[in-house]
1. Of (1) loosely packed, with under 12 Cβ neighbours inside 10 Å; (2) touching a Cys at 6+ places or on another chain (Cβ under 7 Å), L58 satisfies all except one. Which?
2. Suppose the filter is open to solvent by 70 Å² or more (accessible area, probe 1.4 Å) and in a helix (DSSP H, G or I); does E6 pass it?
3. Condition check: charged (D, E, K, R), without any contact (Cβ under 8 Å) to a residue 24 or more places away in the chain and touching a Leu at 6+ places or on another chain (Cβ under 9 Å). Does E108 satisfy that?
4. Can you find, within the range 61-98, the residue that is surrounded by the fewest Cβ atoms within 10 Å (Cβ to Cβ) among those that are of a type in the set (D, E) and assigned to a helix (DSSP H, G or I)?
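The values are calculated or read from the model by the stated rules, or taken from the named source; none is laboratory data. Not measured: the values here are computed from a predicted model. Positions of Cβ are generated from backbone atoms using ideal geometry, with glycine treated the same way; all protein chains shown enter the neighbour counts. All accessible areas refer to the heavy atoms of the entire protein, side chains included, with ligands and DNA or RNA removed. Shrake-Rupley method; radii C 1.70, N 1.55, O 1.52, S 1.80 Å.
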Amino acid sequence: MLDINEINGTIKQLENGETTFSNCNKFAVLYTVRDYMTGKSAAPELSNEVTEELSDILPCYKTYHEAKEKYRLREIAEQPVIVAMNQLCREIKEFMLSLYKGADTNDEKNQLKQMVKEVHGMM
């Protein structure tokens, strides 16, 4: 019978391997067995965390947008715009980190890293 260390080790090996249907099937089985053995399932928690982080972004964007509009109309100084942008950036970062934390494969993590590099390269 497999123990949790063997399961985690096999998952690590698969993460460093090719993304094939066979490997994906093995992942699904190993994650299910690991979750059963540990008495928990991480997927719903991560999904809730990602959803919560995502839902924080829109209100921050609205606040930023409103501050920006007031600034353009010369109703407020620049500082409230900077504060609102800072909060928006913080929420986007928290969302990205929760996505990264919830990634199960190196390919998922690499896609997120590549996207950040591409955005950085546009600036």
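1. Among (1) loosely packed, with under 12 Cβ neighbours inside 10 Å; (2) touching a Cys at 6+ places or on another chain (Cβ under 7 Å), the lone unmet condition for L58 is (2).
2. Working: open to solvent by 70 Å² or more (accessible area, probe 1.4 Å): yes; in a helix (DSSP H, G or I): yes.
In short, yes.
3. Numbers: charged (D, E, K, R): yes; without any contact (Cβ under 8 Å) to a residue 24 or more places away in the chain: yes; touching a Leu at 6+ places or on another chain (Cβ under 9 Å): yes.
So E108 fits the description; yes.
4. Filtering the range 61-98 down to residues of a type in the set (D, E) leaves 66, 69, 75, 78, 91, 94.
If we keep only those that are assigned to a helix (DSSP H, G or I) too, we end up with 66, 69, 91, 94.
Values: E66: 14, E69: 12, E91: 19, E94: 16.
Here the residue is E69.
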